[in-house]
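Here, each number is a calculation from the coordinates, and none is a lab measurement. Treat the numbers as computed from the prediction; the structure is a model and nothing was measured. Don't worry about glycine lacking a Cβ; one is built from the backbone with ideal geometry, like all the others, and counts go over all protein chains shown.
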């Protein structure tokens, strides 16, 4: 059975550590693409109370069918990536 995973990667900065986490898995890649768009939309919201918030305040840096890279609006050295990739189901 072919499975896909939506993975989030926080690339970190000089004072924060990078990390990655799998958000969701599915046999339906279209469901994961919709979830990825939903996550990106949330991250691209502007937090007027905290322009340095790393949970929001991103803009799309690059966009492909199964991968979207975001760049923080204020801390332009900070990038995050959402990626859908094929995984093995054991």
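Once segment 38-53 is narrowed to residues that are within 12 Å of the chain's Cα centre (by Cα) and touching a residue at least 12 places away in the same chain (Cβ under 8 Å), the residue that is surrounded by the fewest Cβ atoms within 10 Å (Cβ to Cβ) is 42. In segment 55-82, the qualifying residues are those that are under 24 Å from residue 25 (Cα atoms) and in contact (Cβ under 8 Å) with a residue 60 or more places away in the chain, and the one that is surrounded by the fewest Cβ atoms within 10 Å (Cβ to Cβ) is 81.
Pairing each residue of segment 8-33 that is more than 17 Å from residue 79 (Cα to Cα) with any residue that is assigned to a loop (DSSP other than H, G, I, E, B), provided the two are 6+ apart or on different chains, yields C-beta distances under 7 Å for 27/1; 27/2.
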